[in-house]
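Since the structure comes first, as structure tokens, the remarks are kept for the end.
No value in this document is a laboratory result; all are computed from the given coordinates. These figures come from a predicted structure and were not determined experimentally. All Cβ positions, even for glycine, are placed from backbone atoms using ideal geometry, and neighbour counts span all protein chains on display.
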Amino acid sequence: MKKIIKYIVIDLLRNKIVIGYTIFLLILSASIFNLGADPSKGILSLLNIVLIFVPLVSIIFSNIYLYNSAEFIELMLTQPLKRKTILLSEFAGVSSALLLAVFIGIGIPVIIFDGSNAGWWLIIAALFLTIIFIALAFWASVATRDKSKGIGISILLWFYFALIYDGLVLFILFSFSDYPLEKPMLAMCALNPIDLARIAILLKLDVSALMGYTGAVFQQFFGSSEGVIFVVCALLVWAVLPCWRAFALFKKKDM
Amino acid sequence: MIHIKNLTKKYGKATALQNINVAFESGESIALIGPNGSGKTTLIKSILGLVIPTEGNIFFNKKSILQEWKYRNEIGYMPQISRFPENMNVHQLLKLMKDVRKDEHNKLDEDLIHAFNIENILNKTMSSLSGGTRQKVSACIAFLFSPQVLILDEPTAGLDPLSNEKLKEKIEKEKQKGKLILITSHVLSDLDDVVSQVVYLQDGKLMFHKTVEELEDFTGEQKLNRMIAGIMNKQFVISN
């Protein structure tokens with residue numbers, strides 16, 4: 001298995017998109033921190049990139065990469081190798097390449113220029129979101145034989161988590177504004193990894209003071225150690241669940 | 001060596017293979033023949049574990065192959081359409097295959113690599129190779145690890161006459177060593193000297209499984225394509 005991972009990682013590290021992605025993130029975060037004197041404002045600006053751009057690149061890139069590796073996967077399947085080993089190697093290869101890109105592009109500048117508690121949360125969230133959206137991409141591309149369909153599902157998934165879900169939550173908030181919704185809101189956040197990451201980071205920044213009563217409830221929950229464990233567990237579930245589906249489907253897939 | 005029991009494969013509503021029962025033993029060299037869409041490739045892919053049977057089972061050396069993978073150590077496979085990672089060159093591809101499948105028991109069989117002069121194209125990327133050259137590389141990989149079973153899906157399609165002869169010689173040589181060889185081909189004249197048994201598939205059903213001698217007696221013909229044509233004309237179905 002190590003040998004296959006080695007081939008995939010070498011292939012990916014030479015990949016122009018991975019290199020471009022790393023450099024783009026690096027330039028972006030370095031320039032954001034150099035624009036203003038206050039690093040916490042830099043974190044806030046980076047937050048939006050982490051929440052929107054990182055998931056988009058992760059899900060689309062992994063999906064296309066997996067479809068482009070169809071020949072490689074087919075060749076490996078005719079060899080004495082387990083199906084699980086092959087998909088796991090692909091997953092490990094893509095994850096390590098994109099995680100490295102995010103760590104170099106966002107992690108290192110944040111550590112150098114900021115290094116605060118919120119900064120560390122930002123890095124953790126970026127890494128988690130990368131893994132989660134790679135897992136979703138794997139699930140989408142194993143589940144569909146058609147390349148354009150798989151990429152379409154990926155884009156829709158990203159669109160749903162990044163934009164539509166928040167709209168739905170707002171709609172519910174306004175429809176039921178007469179009721180206390182703080183507790184249900186906590187549950188609704190857990191159903192979207194991007195929201196989960198956003199709240200975890202925002203509450204580490206001073207801006208959370210502006211969020212009113214809901215902010216106070218959130219602060220009380222997510223500020224506690226139980227809250228931190230809850231966020232990390234929920235993100236882990238978000239990474240494991242699509243992976244598990246992808247592996248189950250791949251085991252039974254006709255090539 | 002390979003026993004197929006009640007194998008049925010359905011793609012949605014379409015039935016690709018219907019209740020196939022057949023056994024292949026080592027030392028045999030079998031031609032899988034049938035019209036387009038008769039299920040030849042599905043049968044081969046089922047043996048390789050690329051296609052998961054809807055019903056039935058396949059046994060390799062008496063062990064079920066479902067969810068198994070080690071048995072593929074004994075199989076060399078040459079697909080109908082050779083698809084390789086496009087950005088690798090031939091050298092890297094061969095190295096990858098050796099890495100994945102290094103053999104403690106058998107030494108590497110590089111006969112075909114020499115016969116096809118693959119040494120001269122080691123630095124070419126797979127995307128720059130012609131269809132025929134890809135087939136050659138594919139054949140080299142199938143034979144490289146001296147497997148006990150060779151599964152060749154349309155091996156001669158796209159090869160030039162000289163390479164075709166070289167490949168047939170190689171198949172003949174492996175047959176002498178007592179290996180099990182499974183070949184599908186539409187060009188029946190290519191199979192004449194190589195094949196000892198014929199399996200005929202139609203619409204996913206096994207129509208007959210006979211030795212070449214039996215077919216000769218039955219039809220009074222010498223050439224394989226004449227025999228098959230004769231049987232098809234007479235609309236005969238020989239029961240197993």
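Worth a mention:
- Distance violations [Cα-Cα > 23 Å] among A:252/B:175; B:136/B:205; B:13/B:45; B:9/B:173; B:45/B:124: A:252/B:175; B:136/B:205; B:9/B:173; B:45/B:124
- Cβ charges +1 (Lys, Arg) and -1 (Asp, Glu), total dipole of chain B, debye: 840
- Relative intensity, log₁₀ I(q)/I(0), of region B:124-173 from a Debye sum that treats every alpha carbon as a point, q = 0.15, 0.32 Å⁻¹: -0.40, -1.36
- For the protein assembly as shown, dividing the convex hull volume of the Cα atoms by the residue count gives 172 Å³ per residue.
- Taking the helices alone, chain A has a mean residue ellipticity at 222 nm of -25500 deg cm²/dmol, built from -39,500 (n - 2.57) per DSSP H run of at least 4 residues and averaged over all its residues.
- Each residue of region A:92-97 was assigned a 3J(HN,Hα) from its phi angle through the Karplus curve 6.51 cos²θ - 1.76 cosθ + 1.60 (θ = phi - 60°); the sequence is 4, x, 5, 4, 5, 5 Hz, with glycine and proline shown as x.
- Given in Å, the Rg to one decimal and the Dmax to the nearest whole number for the Cα atoms of region A:213-255 are 17.0, 54.
- Using Cβ point charges alone (K and R +1, D and E -1), the dipole size of region A:76-232 about the Cα centre works out to roughly 760 debye.
- Dipole orientation for region B:104-162: of the candidates B:151, B:120, B:139, B:120 has the Cα lying most toward the positive pole (charges on Cβ; Lys, Arg +1; Asp, Glu -1).
- Rounded, prolate or oblate (a/c below 1.5 giving rounded, otherwise prolate when a/b exceeds b/c) for region A:1-142 by Cα gyration tensor: prolate
- Cα gyration tensor category, rounded, prolate or oblate, for region B:85-149 with a/c compared to 1.5: prolate
- Debye intensity ratio I(q)/I(0), log10, chain B, q values 0.11, 0.12, 0.15 Å⁻¹ (C-alpha model): -0.58, -0.70, -1.08
- Dividing the Cα radius of gyration of region A:172-255 by its Kirkwood radius returns 1.14 for Rg/Rh.
- Kirkwood Rh, Cα atoms: Rg over Rh of region B:1-119: 1.00
- For the pair residue A:104 and residue A:143, the difference between a 0.36 nm per residue extended length and the Cα-Cα distance amounts to 10.9 nm.
- Of all DSSP bridge pairs formed entirely within the protein assembly as shown, close to 55 percent run antiparallel.
- Extension gain (nm, one decimal) between residue A:251 and residue A:35, 0.36 nm per residue minus Cα-Cα: 72.7 nm
- Projected area averaged over orientations for region A:43-126, convex hull of C-alpha atoms, nm²: 6.1
- Max mean-square fluctuation residue, GNM over chain B, Cα-Cα springs under 10 Å, options B:133, B:156, B:54: B:54
- On the beta carbon distance between residue A:159 and residue A:241, with R0 = 22 Å, the FRET formula returns roughly 0.70.
- In this Cβ point-charge picture (+1 for Lys and Arg, -1 for Asp and Glu), the protein assembly as shown has a dipole of about 400 debye about its Cα centre.
- Residue with peak Gaussian network fluctuation, chain A [Cα springs, cutoff 10 Å], from A:67, A:179, A:21: A:179
- Whole-number Å³ per residue for the convex hull built on Cα positions in chain A: 134
- Using θ = phi - 60° in the Karplus curve 6.51 cos²θ - 1.76 cosθ + 1.60, the 3J(HN,Hα) couplings for region A:24-36 round to 4, 4, 5, 4, 4, 5, 5, 6, 4, 5, 7, 6, x Hz; x is entered for Gly and Pro.
- Along each principal axis, Cα extent of region A:97-224, largest first, Å: 47, 43, 19
- Over region B:67-208 - Rg/Rh using Cα atoms and the Kirkwood inverse-distance radius: 0.96
- Rounded FRET efficiency, nearest 0.05, which uses the C-beta distance separating residue B:196 from residue B:222 and R0 of 22 Å: 0.90
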